[in-house]
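First up is the structure itself, then whatever we jot down about it.
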Amino acid sequence: MSHKRSGLLSGLIVGLLAALICAVGLGAAVLFQQSLPEAVMSFGGGLPISLALSLLIAVVVAFAIGAVRPGSLVLLPFAALFAGGAVMAGQVTGSSIMLGADHDTPADLGDVNLPTFNAGLQDALSLYREPPAETWAAWLYIAVAALAAFALLTLRVVRVRRAQRADSSAEESQEPEYRAPFEPAQQPTPKPTADMFTPRNPAKD
């Protein structure tokens with residue numbers, strides 16, 4: 001007998017793949033941020049665009065997991081972990097390559113290689129060992145992505161479970177009434193009463 005798959009493993013795999021794709025995209029955004037218009041990067045000290053990227057990552061991760069396994073409560077913490085980890089991985093990847101390139105000109109595709117990444121990795125990781133008062137922005141982006149992914153997937157799970165309960169209640173209300181084993185499905189049709197104005201049929205009388 002074949003067992004129905006729970007979908008948990010599929011949800012984990014899809015969520016992890018979505019997080020990896022988001023991490024690569026964020027790393028590219030960090031690496032090539034100097035190529036963006038100055039007005040974009042200077043607006044709000046870069047905080048709005050970074051928060052927007054964190055929210056975008058949260059939406060992608062939560063949507064990916066919710067599309068595969070929308071009713072599982074087990075995947076909620078994994079959604080937060082994947083989204084927050086994607087932001088951190090993107091920050092570390094982009095910063096490592098940018099620091100490893102060690103030049104003032106904007107980064108190009110020629111800087112994207114393993115030796116350059118390894119050269120700047122230690123400096124990029126040292127950012128997270130600094131006092132929170134100095135690195136609060138980096139932690140803020142991670143927290144926003146994690147909390148947003150958790151909240152979005154929670155809303156999805158609640159909505160799906162509510163719909164499932166409604167469907168189950170509708171099916172139960174449509175079940176036929178219980179009948180005794182020998183109770184007829186339909187009551188016998190009563191014979192018409194005699195009518196003094198109706199002529200009698202001698203063959204039946």
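Listed by first and then second residue, the pairs linking a residue in region 86-102 that is free of Cβ contacts under 8 Å to residues at least 60 places away in the same chain and open to solvent by less than 40 Å² (accessible area, probe 1.4 Å) to a residue that is assigned to a helix (DSSP H, G or I) and β-branched (Val, Ile, Thr), with Cβ atoms under 8 Å apart and 6 or more places separating them unless they lie on different chains, are Ser96/Thr116; Gly100/Thr116; Ala101/Thr116. Select from region 115-152 the residues that are farther than 19 Å from Leu53 by Cβ and in contact (Cβ under 8 Å) with a residue 24 or more places away in the chain and list them in ascending order. The answer is Phe117, Gly120, Leu121, Asp123, Leu125.
Checked against the criterion of being open to solvent by less than 100 Å² (accessible area, probe 1.4 Å) and at pLDDT 85 or above, region 162-179 has at least one qualifying residue. Counting only residues that are open to solvent by 70 Å² or more (accessible area, probe 1.4 Å), without any contact (Cβ under 8 Å) to a residue 24 or more places away in the chain and out of contact with any helix residue (DSSP H, G or I) (no Cβ under 9 Å at 6 or more places or on another chain), region 16-52 holds 3 of them. For the criterion of being open to solvent by 70 Å² or more (accessible area, probe 1.4 Å), modelled with pLDDT of 90 or more and aliphatic (A, V, I, L, M), Leu155 passes. Candidates are the residues of region 114-136 that are small (Gly, Ala, Ser) and loosely packed, with under 14 Cβ neighbours inside 10 Å; the one that is farthest from Ala86 (Cα to Cα) is Ala133. Here Leu73 passes the criteria (1) among the hydrophobic types (A, V, I, L, M, F, W, C); (2) over 25 Å from Ile97 (Cβ atoms); (3) open to solvent by less than 60 Å² (accessible area, probe 1.4 Å) except the one numbered (3). In region 57-69, the residues that are more than 12 Å from Val157 (Cβ to Cβ) form Cβ pairs under 9 Å with partners that are outside any helix (DSSP H, G or I) and open to solvent by 10 Å² or more (accessible area, probe 1.4 Å), at six or more places apart or across chains, as follows: Val68/Gly7. The residues of region 38-83 that are polar (S, T, N, Q) and part of a helix (DSSP H, G or I), listed by number, are Ser42, Ser50, Ser54.
The values are calculated or read from the model by the stated rules, or taken from the named source; none is laboratory data. Source: prediction; values computed, not measured. Positions of Cβ are backbone-derived with ideal geometry, glycine not excepted, and every protein chain shown enters the neighbour counts. To get the accessible areas, we keep the full protein, side chains included, count just its heavy atoms, and leave off ligands, DNA and RNA. Shrake-Rupley method; radii C 1.70, N 1.55, O 1.52, S 1.80 Å.
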